[in-house]
Amino acid sequence: MDRIFHKSVSPSGITLLTETMAERRSFSLGLWVRNGARDEPAEWLGISHLLEHLFFKGTPTRPVGKIQDEVKSVGGYWNAGTIYDNTNYYITVPSGEISRAMDIEADALRNSLFDQDEIVKEREVVIQEIMRKYDSPSALAWEKMIAMSFKTHRLGRWRMGSPEQVRAMDRDAVVANYTSRYRPENIILSIAGDVKT
């Protein structure tokens, strides 16, 4: 297996990691943003997670649902996640679709609309996720253990926020989080698979 790993930093400050895996016929593109629960002010716990939900909810050229349809139409898969110290977005597609995947990620990164109607919908989706955590003994035990381990550190806070906090989040709060955290120096772009550095 011929694998080549390369790291560079763009003039704008984005870190680029690539791993050429010539034996693959697909590739995965990941966008990692240093924006997680530990970066949030106390009044906006959970806003990183809400922003994650809104990232693919429309741009001027791709209305709501278009990004998902576009990725699926080429046999691809996309998803995202938020933890304590980062939010990540990833797309896996056949190797011939690298340009499309990069265009989709770049479009979402630069042009997400953060439409207030979508914010209202996604707040309720996030609240349902919070309620599922409350109903999961293992998830609740993990959060309690973290809270007890980090009593004076931001890591000890409930990382999804409360339903009340999430319901109070509006477009201004989301855009403020995006503007302050989604900066080139906080972003790592990783590409692995059948791709040349």
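The values are calculated or read from the model by the stated rules, or taken from the named source; none is laboratory data. Being a predicted model, the structure only gives us computed values, none of them experimental. All Cβ positions, glycine included, derive from the backbone under ideal geometry; neighbour counts span all protein chains shown. The area values use the complete protein model at the heavy-atom level, side chains included, leaving out ligands, DNA and RNA. Shrake-Rupley method; radii C 1.70, N 1.55, O 1.52, S 1.80 Å.
At a glance:
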{"read-out": "Count - residues of the stretch 150-168 that are over 10 Å from ALA37 (Cβ atoms), open to solvent by less than 80 Å² (accessible area, probe 1.4 Å), in contact (Cβ under 8 Å) with a residue 12 or more places away in the chain and of a type outside the set (Val, Ile, Thr)", "value": "3"}
{"read-out": "The stretch 106-150: number of residues that are in a loop (DSSP other than H, G, I, E, B) and closer than 29 Å to SER190 by Cβ", "value": "5"}
{"read-out": "Of all residues in the stretch 22-42 being aliphatic (A, V, I, L, M) and crowded, with 19+ Cβ neighbours inside 10 Å, the one that is farthest from ARG110 (Cα to Cα)", "value": "ALA37"}
{"read-out": "Extreme residue, nearest to GLY156 (Cα to Cα), among residues of the stretch 1-43 that are out of contact with any strand residue (DSSP E or B) (no Cβ under 8 Å at 6 or more places or on another chain) and modelled with pLDDT under 95", "value": "ARG38"}
{"read-out": "Residue that is farthest from GLY36 (Cα to Cα), among those in the stretch 85-96 that are open to solvent by less than 50 Å² (accessible area, probe 1.4 Å) and either outside any strand (DSSP E or B) or of a type in the set (D, E, K, R) (or both)", "value": "SER95"}
{"read-out": "The one condition in (1) open to solvent by 30 Å² or more (accessible area, probe 1.4 Å); (2) more than 13 Å from ILE47 (Cβ to Cβ); (3) in contact with a helix residue (DSSP H, G or I) (Cβ under 6 Å, 6 or more places away or on another chain) that ALA139 fails to fulfil", "value": "(1)"}
{"read-out": "Filter result for GLU52 (in a helix (DSSP H, G or I) and within 16 Å of VAL126 (Cα to Cα))", "value": "yes"}
{"read-out": "Residue count for the stretch 169-188, restricted to those that are buried (at least 16 other Cβ atoms within 10 Å of the Cβ) and in contact with a Ser or Thr (Cβ under 8 Å, 6 or more places away or on another chain)", "value": "5"}
{"read-out": "Flag for ILE104 being of a type in the set (Val, Ile, Thr) and open to solvent by less than 30 Å² (accessible area, probe 1.4 Å)", "value": "yes"}
{"read-out": "Qualifying residues in the stretch 82-104 (those that are at pLDDT below 95 and acidic (Asp, Glu)) - the one nearest to GLY156 (Cα to Cα)", "value": "ASP85"}
{"read-out": "Filter result (in a strand (DSSP E or B) and not hydroxyl-bearing (Ser, Thr, Tyr)) within the stretch 8-32", "value": "VAL9, LEU16, LEU17, GLU19, MET21, PHE27, LEU29, GLY30, LEU31, TRP32"}
